[in-house]
1. Suppose we keep only residues that are in a loop (DSSP other than H, G, I, E, B) and of a type in the set (S, T, N, Q) within segment 281-310. Which one would you say is modelled with the lowest pLDDT?
2. Give the residues of segment 235-268 that are touching a residue at least 12 places away in the same chain (Cβ under 8 Å), outside any helix (DSSP H, G or I) and out of contact with any Lys or Arg (no Cβ under 8 Å at 6 or more places or on another chain), sorted by residue number.
3. Taking Ala112, is it surrounded by fewer than 20 Cβ atoms within 10 Å (Cβ to Cβ), assigned to a helix (DSSP H, G or I), of a type in the set (Gly, Ala, Ser) and at pLDDT below 95?
4. Note down all Cβ pairs under 8 Å where the first residue falls in segment 269-289 and is farther than 20 Å from Asp214 by Cα, the second is modelled with pLDDT under 80 and surrounded by fewer than 10 Cβ atoms within 10 Å (Cβ to Cβ), and they're at least six residues apart or on different chains.
5. One residue is enough: does segment 226-238 have a residue meeting the conditions among the hydrophobic types (A, V, I, L, M, F, W, C), within 15 Å of Val136 (Cβ to Cβ) and modelled with pLDDT of 95 or more?
6. Within the group Thr264, Thr291, Thr299, Thr202, which residue is among the hydroxyl-bearing types (Ser, Thr, Tyr) and touching an Asp or Glu at 6+ places or on another chain (Cβ under 8 Å)?
7. Give the residue that is most open to solvent (accessible area, probe 1.4 Å), with candidates limited to residues of segment 199-225 that are at pLDDT 90 or above and small (Gly, Ala, Ser).
8. Residues of segment 200-223 being touching a residue at least 60 places away in the same chain (Cβ under 8 Å) and in contact with a Leu (Cβ under 9 Å, 6 or more places away or on another chain), which ones?
Amino acid sequence: MASSASVAAASPPHHRRRLCTLLPQAHLSRSPKPNAFLRRRSFLLSSSSAAAAASLLLFPQPGAADTDAPAPAPTPSPAQPQSGIVTDRVFMDFGLCPSYLASDRPLGFDLAACPDSEPLGRVVFGLYGKLLPQTVANFKAVCAAAAYRGTLIHKILQGQFFVAGRQGRKEKGEVRPPPGLVRNVETVDPKAFQLRHSRPGTLSLCLSENDDDDAVKLEPDYHNVEFLVTTGPGPCPRLDNENIVFGTVLEGMDVITNIATIPTYKPAERIRQFNDFAQFIGDERAQIARTMWNRPLKTVYISDCGELKVATPSLSPSLP
């Protein structure tokens, strides 16, 4: 009897299809069942290939021309301060006047005509006229009119800064501003406080450190011209957001450092405690007494000042 395989081979095609339905499944499949793991792996590979193809259609990759193009430059943050450009230069000559503290000093003694002046040197300030035009215009006008000449440095905080330009009577070594100064609205503009007191030689308009008398501040033509200069060696963050930085020292930083070493009046601890108590109970004399603190024990003053006309700037400006 012929085997079922030989019968199926010898039968015609239409008979062979009929035999396929009659033959057992074991005779139809000579190869083992495909592994279930291989089926899952093939499905995953085919799925990932399809997903990659779809991503190429939806999100085409950049060509060679695109990859060679330079990346766009990052836009600067609007919170960053503008670059400071030195537009104007002024100078100040500093000196010591030993005879100013003499008991036989004549009435109306003018510091500008000190007979035994000891020069300390010249300081050149660079001013940021584009960033703070009103503050710079007033400071430059006071220097050009020589109104700072013969005025005292009335406060030195060693290791931090010194203050000059207190307004008042000329015979007391104080400043009388010249007429014609502009109304400085930058003192109430938040943008004017963006620069920091980050290094020695920073020139700043005194607001929080202003020592002008209240009677002077109430005058109708009052203009704040009191200024401070940081002496180092480090930054003065306590001055930030309170005073307006409008310039920097370009020459004469050694003069600034020399001024910072002059000894000052420091009250004893008992006097400080008594003053704190007087201020706590509202005694106005406490604040008057505090104005004597940090006063230099030597007479440091501005012997001359003025504006410098520079046709071609030779010094590179930099922000403090």
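The values are calculated or read from the model by the stated rules, or taken from the named source; none is laboratory data. This one's a predicted model, so the numbers in the text were calculated from it and none came from an experiment. Cβ atoms come from the backbone with ideal geometry, glycine included; neighbour counts cover every protein chain shown. Heavy atoms of the whole protein, side chains included, go into the accessibility calculation; ligands, DNA and RNA do not. Shrake-Rupley method; radii C 1.70, N 1.55, O 1.52, S 1.80 Å.
1. As a first pass, look at segment 281-310 and keep what is in a loop (DSSP other than H, G, I, E, B): 281-284, 291-295, 297-299, 309-310.
Right, trim to of a type in the set (S, T, N, Q) and you get 291, 294, 299.
Details: Thr291: 74, Asn294: 89, Thr299: 94.
Among those residues, the one meeting the criterion is Thr291.
2. Correct list: Cys236, Asn241, Glu242, Asn243, Ile244, Phe246, Gly247, Thr248, Val249, Thr261, Lys266, Pro267.
3. Details: surrounded by fewer than 20 Cβ atoms within 10 Å (Cβ to Cβ): yes; assigned to a helix (DSSP H, G or I): yes; of a type in the set (Gly, Ala, Ser): yes; at pLDDT below 95: yes.
Yes, satisfied.
4. none
5. Yes, there is a match, as at least one residue in segment 226-238 is among the hydrophobic types (A, V, I, L, M, F, W, C), within 15 Å of Val136 (Cβ to Cβ) and modelled with pLDDT of 95 or more.
6. Working: Thr264 fails: touching an Asp or Glu at 6+ places or on another chain (Cβ under 8 Å); Thr299 fails: touching an Asp or Glu at 6+ places or on another chain (Cβ under 8 Å); Thr202 fails: touching an Asp or Glu at 6+ places or on another chain (Cβ under 8 Å).
Of the residues listed, the single one that is among the hydroxyl-bearing types (Ser, Thr, Tyr) and touching an Asp or Glu at 6+ places or on another chain (Cβ under 8 Å) is Thr291.
7. Ser208
8. Our first condition is that a residue be touching a residue at least 60 places away in the same chain (Cβ under 8 Å); within segment 200-223, this holds for 201-203, 205, 211, 223.
Answer for segment 200-223, where residues must be touching a residue at least 60 places away in the same chain (Cβ under 8 Å) and in contact with a Leu (Cβ under 9 Å, 6 or more places away or on another chain): Gly201, Thr202, Leu203, Leu205, His223.
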